[in-house]
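The values are calculated or read from the model by the stated rules, or taken from the named source; none is laboratory data. None of these values were measured; they are calculated from a predicted model. As a convention, Cβ positions derive from the backbone with ideal geometry for all residues, glycine included, and neighbour counts pool all protein chains shown.
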Amino acid sequence: MSHMKYYLDWLFKDLHGRNGKYVISEAPNLPLIVFMVSIVLAVVVYPGFWQTSFAIIAYLALVYWGYLEIRSGRSRFRKFLGCAGILAVAGALLLRLGI
């Protein structure tokens, strides 16, 4: 059981504070809100210029959010989420390009 506690502490403990609290979720910051709104608009609007524009904005916002999480995430879990966001954008772009 002590191994499980060690790994949970390693993954979820606050890296920036000395209070020893677990950090799993936080309120969405601006790049994540921009991503969510842009992705909804890209799905709702008619295909063409605006759909492509909203999709590009969504990709850029998610990459920026991932960068911010990797650079200043409060726990290793949040840093892994940032990596997953950037990898998701890379995968989506590869699918869109047909590679």
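Only one entry in E69, E26 is in contact (Cβ under 8 Å) with a residue 24 or more places away in the chain and in contact with a Lys or Arg (Cβ under 8 Å, 6 or more places away or on another chain), namely E26.
Summed over segment 75-99, the residues that are in contact with a strand residue (DSSP E or B) (Cβ under 9 Å, 6 or more places away or on another chain) and outside any helix (DSSP H, G or I) give a count of 1.
When residues in segment 1-50 are screened for being at positive phi and touching a strand residue (DSSP E or B) at 6+ places or on another chain (Cβ under 6 Å), 0 of them pass. Picking from residues in segment 25-37 that are surrounded by 12 or more Cβ atoms within 10 Å (Cβ to Cβ) and among the hydrophobic types (A, V, I, L, M, F, W, C), the one that is farthest from Y64 (Cα to Cα) is V37.
Here segment 8-21 is the region considered, the condition is being out of contact with any helix residue (DSSP H, G or I) (no Cβ under 9 Å at 6 or more places or on another chain) and loosely packed, with under 10 Cβ neighbours inside 10 Å, and the residue that is modelled with the highest pLDDT is N19.
In the set (1) without any contact (Cβ under 8 Å) to a residue 60 or more places away in the chain; (2) more than 11 Å from the chain's Cα centre (by Cα); (3) not in a helix (DSSP H, G or I), Q51 fails one condition alone, (3).
Let's see how each residue does on (1) modelled with pLDDT under 95; (2) out of contact with any Cys (no Cβ under 9 Å at 6 or more places or on another chain); (3) among the polar types (S, T, N, Q):
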residue	(1), (2), (3)
S25	yes, yes, yes
L41	no, yes, no
A58	no, yes, no
V63	no, yes, no
Y67	no, yes, no
R76	yes, yes, no
L94	yes, yes, no
G98	yes, yes, no
